[in-house]
Structures are given as C-alpha cells and as structure tokens.
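Notes follow the structure.
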Amino acid sequence: MIPFWEEEAALEGQLQQVTDLILELIQDANDYISSYLRSMVESQGKMLRPALVMIGSRLGNDQDESRAVRQAALLEMIHLASLVHDDIIDDADMRRGIPSLQKQLGVRRAVVAGDYLLVRAISLLTDKGRTLEPAVMSHAIGRLCTSEIDQDSEEWDFFISPTHYLRRIAGKTATLFALSAFSGAFISDAEPLVQRRMHEFGYCLGMAFQIRDDILDLKGTKASMGKPVGKDITSGVATLPLIYALERDETGSLQRLLQGKRKFSKRKVGLIINRILDSGALASAESLSEKYLNRALALLGELPDQETAKILSRMIERLVSRVS
C-alpha cells in the first residue's frame, strides 16, 4: 500500500505494478547491493513522478497500461538514482525514514548502486511503439545533472538571488515532474495541446513541490520528514526561505551566523532557523509556491477529461495538507 494514494485504488494498483517492474529489473544486481536496493525501492515514498505518467496516459486515444508502466518505471528509476547520488554528495544519514544507501553500503558501493539503477532504467528506452525519443530523456537527465553540479559547486554560498535559485530547482526538480506529466500524455497519443498543458502542469507542480519541501525543512519534524530538520542549512544549500530572509537582514545578524566554520552546531542551526522564521520569509516562499500551484490548477481546467483533472486536483490537495 502507498498511503499517499490510498484514495485512488486503481492508480495505487498501477503504481504497485511500477514497483514490481523495478524490482524485477534489479533482481540480477550483485548480492552486496541487491537487498539494499530492494529496501529502497519498496519504501516507495509518494511515487509522484510515476503517478503523473500513469494519470497523463489516460488523456490520449492510444492507452496501453503496460507501456505506461514501463515509462513510469523508467522515470522513477532515474529519480531513485538521483536520490542515491544526492545522499552521497550531502553525506545524508536518512532517506524516507530509513538509513540512506551510502550509510548502509558506504560511498563506493552506493555510487555503484546508483549507477546500476540508472543503467537498468536506460534499458527501458529500447521499448518499441510510441515512446519518448532518447534525446528527450538525455536532455532531461542532463538538466538534472547540471543543476546538481551547480548546487554542489555553490555549496556554502548562501548569497544567491531568488532567480538563480528558481533556475536551479527548475533543473533539479521541475524538469522531471514536467517530463513525467508530458510523457504520459505523449505515449497515449493525446492532442499536442494537451501534451503541452501537461508539461506545464508538471513544471508548475515540481516548482511548488520543491519550494514547499524547502519550507518543510525548516518547520517540519524529523519524524515527519524522514530526515533531520535544517538539513539544507547543515549541507550548505541555499533555499528560498533563507534567500528571502537574507534580503531582509538589515542588521546583518543572520549573515554573521552563516559565516565562519562550515560545520554548524545544533544550537547555531536553531538560531539560523529562528532568524528565518522571524523574518517572515516563510510566508513569502509559501506565497510563491501557491502561485505555481494556482497555475497548475488553472491548467487542469483546460484538460479534456475532467475525471483525470480531478485526480490531479486531489493530489495537489493532499500535497498542500502535508505536514511532512
């Protein structure tokens, strides 16, 4: 069962098919990584990207559930591989409430495990029939990697502009959301205008999701987030609430807290978070997230199948009500 989708029984069943396919694809992995990969895949999370593929595939005239499941598995495996590599870069201890792969396996083996996921994902590009061009997938993966490289190269540089941040998360998060929503409509041969609307919908959802995730990193709890609160700060990553707070830091008190050693104590992280909260930056970040969500909801009103639009609308409602 995937708790996030328990209200959508048919979709939940399709997402289980996606999980089963991924497990089938990794079953030949070397013994020293196979059990850890299985544990990561079975933890599932919300499976938003494969869900967007499956939902989008209902919008065309050439609906093939098996083909949609394979496309969804492809994109989810790319996402999982990126998470493994993210955790290595961030030296993260936890992922989805369980120890990260690199903590369980060590860095060298986690790198191999992430690469293995990516290679097995690429094997799905050989599908016949109506599938995305490899060049489209290559471009999306390239944008994801470039954004990750940019973020890593700018580690501990908290003084970036909101525009720079938005460009970064567009590549890091929104690109894969947009591709997922678009690909479902594309492989089912939906009208070109519907494909474009789904692409924009996925983009807006991805932008809102990442901003909201950055907000929750500051006001969530370790139990609800599955990782320590303030992890972005301790990893040296500039997020929108922090950027907005620095723009309002007239006394320089927040700026001084961020300078100096690159290893912050829990007390210092707490002080930084309090400064951000006191600045009203969270409300500003939430306002921008809402703008992206409102645009996404407006696009749903333009889809030809309102039953499909309602499923996506309910998904947004659950994401907005999320406290983790």
Sort the following peptides by mean Cβ neighbour count (other Cβ atoms within 10 Å, averaged over residues), highest first: 135-146, 83-94.
83-94, 135-146
Report, in order of residue number, the helices in the chain meeting two criteria: a C-alpha extent of 15 Å or more along the helix axis, and a mean Kyte-Doolittle hydropathy of at least 0.0; treat each whole DSSP H run as one helix.
9-25, 65-90, 107-122, 175-187, 266-279, 281-300
Could you please state how large a percent of the accessible area of the chain is carbon and sulfur, counting protein chains only and using a 1.4 Å probe?
50 percent
Cα-based reach from Lys103 at 16 Å (exclusive), listing aspartates and glutamates while leaving out same-chain residues under 8 positions away
Asp86, Asp87, Asp90, Asp91, Asp93
Å³ per residue of the Cα convex hull, for the chain?
124 Å³
Compactness ratio of segment 135-233: Cα Rg over 2.2 N^0.38 Å, N = residue count?
1.23
Past 23 Å, Cα to Cα, is the threshold; run Lys172/Lys263; Lys219/Lys268; Lys231/Lys263; Lys46/Lys219 against it and keep the listed order.
Lys172/Lys263
Probe 1.4 Å, protein heavy atoms only - accessible area per residue of the chain in square angstrom:
45 Å²
Put Val53, Val119 in order of accessible area, largest first, probe 1.4 Å, and you get Val119, Val53
Using only Cα atoms, what Kirkwood radius does segment 201-324 have, in angstroms?
15.8 Å
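The values are calculated or read from the model by the stated rules, or taken from the named source; none is laboratory data. All values derive from a computational prediction rather than experimental measurement. Using ideal geometry, Cβ is built from the backbone for each residue, glycine included, and neighbour counts are taken over all protein chains shown. SASA here: full protein model, heavy atoms, side chains in, ligands and nucleic acids out. Shrake-Rupley method; radii C 1.70, N 1.55, O 1.52, S 1.80 Å.
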